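First up is the structure itself, then whatever we jot down about it.
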Amino acid sequence: MQSENRIFDDFAKMINGIAGTVAGAGREAEAAMRERAKEWVGRMDFVSREEFEAVKEMAARARAEAETLKARLDKLEGTAKPAAAAKAAAKPAAAKPAARTPKAAPKK
């Protein structure tokens with residue numbers, strides 16, 4: 001009877017060894033696939049999250065500055081338009097050339 005137990009013990013040891021080998025091979029394959037994925041992504045010219053956030057912040061600041069400058073320009077143009085209108089109104093009407101009236105065609 002003891003010989004049957006040894007056979008089962010040896011069989012259990014062998015199965016445990018195979019399971020450990022398969023698990024190790026799985027971990028090794030996973031590590032290799034991760035490394036390949038990192039290499040592939042590295043060649044794709046992707047940006048990191050930090051770089052993306054930095055550029056996003058720079059764009060937001062530039063947009064805010066452009067809006068500020070636009071408001072300032074609108075304000076300056078707003079003050080320039082009334083001054084230009086006042087200049088145009090100050091010019092005498094005689095300075096404008098008179099409109100030409102068409103001559104009547106001769107009768108036959």
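Bear in mind these aren't lab numbers, they're just calculated from the coordinates by the rules spelled out. Predicted, not measured: the structure shown is a model, and the values here were computed from it. Cβ placement follows ideal geometry from the backbone for every residue including glycine, while neighbour counts extend to all protein chains displayed.
Where a ≥ b ≥ c are the square roots of the eigenvalues of the C-alpha gyration tensor, would you call region 1-46 rounded, which needs a/c under 1.5, or, failing that, prolate if a/b is larger than b/c, or oblate? Write down the numbers at each step before the final one.
Numbers: a/c = 12.04, a/b = 11.11, b/c = 1.08.
Verdict is prolate for region 1-46.
So if we plug the beta-carbon distance of Glu67 and Met33 into 1/(1 + (r/R0)^6) with R0 = 35 Å, what FRET efficiency do we get, rounded to 0.05?
On the way: r = 48 Å, r/R0 = 1.36.
Calculated transfer efficiency: 0.15.
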